[in-house]
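Presented below is the structure to which this report refers.
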Amino acid sequence: MHELGVVFYVVRDVKEVAENNNVEKVASVVLQIGEVSGIVHDYLIDCWNWAKKKEPVMEEAEMTIEQIDAVSVCEDCGEEYPTVQYAKVCPHCGSEHTCLLRGNEFLIKEIGVY
């Protein structure tokens, strides 16, 4: 379960932002996570709920996850398509010369404070 390791990095970064901005309490954290990032949202939230209790500045913070849909592009015909539905085969021309455009991201989008 690599979600716990990911949460440790999020906690570290949020704590650093809070300290640098003299924030006493973090109310919320919004993450943007790619559909094919390999992160299991439920596991991430469970890890967050455990880890946030270890940091007084974040003990009440809620986490929200926004999914970034995975989109690939065909290098032969130039068309974009939903990656999860069609994988590596372009539904427009049948080519396997495709690459992922987005959907593998993991970003801290927003930190809400009291």
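The values are calculated or read from the model by the stated rules, or taken from the named source; none is laboratory data. Keep in mind it's a predicted model, so treat the numbers as computed, not measured. FYI the Cβ positions are ideal-geometry reconstructions off the backbone, even for glycines, and counts take in every protein chain you see. Ligands, DNA and RNA are excluded from the accessible area calculation, which covers all protein heavy atoms including side chains. Shrake-Rupley method; radii C 1.70, N 1.55, O 1.52, S 1.80 Å.
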(request) Find how much the distance from Asp76 to Lys15 grows on full extension, using 0.36 nm per residue of separation minus their present alpha carbon separation; answer in nm with one decimal. (result) 17.4 nm
(request) Choose one answer from Asn22, Asn104, Asn49: the residue with the largest mean-square fluctuation in a GNM of the chain with alpha-carbon springs under 10 Å. (result) Asn22
(request) Work out the charge dipole of the stretch 50-90 with +1 on the Cβ of Lys and Arg and -1 on the Cβ of Asp and Glu about the Cα centre, then indicate which of Met63, Thr83, Ala51 is farthest towards its positive end. (result) Ala51
(request) Keeping all protein chains in place, calculate the accessible area per residue for the stretch 7-54 (probe 1.4 angstrom), answer in Å². (result) 57 Å²
(message) Ignoring everything except DSSP H segments at least 4 long, calculate the 222 nm mean residue ellipticity for the chain; use -39,500 (n - 2.57) per segment, divide by total residues, nearest 500.
(response) -9000 deg cm²/dmol
(message) Between Asp42 and Gln67, what is the label-point separation in nm under the 7 Å Cα-to-beta-carbon projection?
(response) 1.3 nm
(request) Out of all DSSP beta bridges with both ends in the stretch 24-88, state the antiparallel percent to the nearest 5. (result) 30 percent
(request) Could you tell me what percent of the DSSP beta bridges with both partners in the chain are antiparallel, to the nearest 5? (result) 65 percent
(message) At 1.4 Å probe size, with the rest of the protein present, what percent of the exposed accessible area of the stretch 47-114 is carbon and sulfur atoms?
(response) 49 percent
(message) What is the angle, in °, between the Cα long axis of helix 41-51 and the longest principal axis of the Cα atoms in the chain? Nearest 10 is fine, range 0 to 90.
(response) 20 degrees
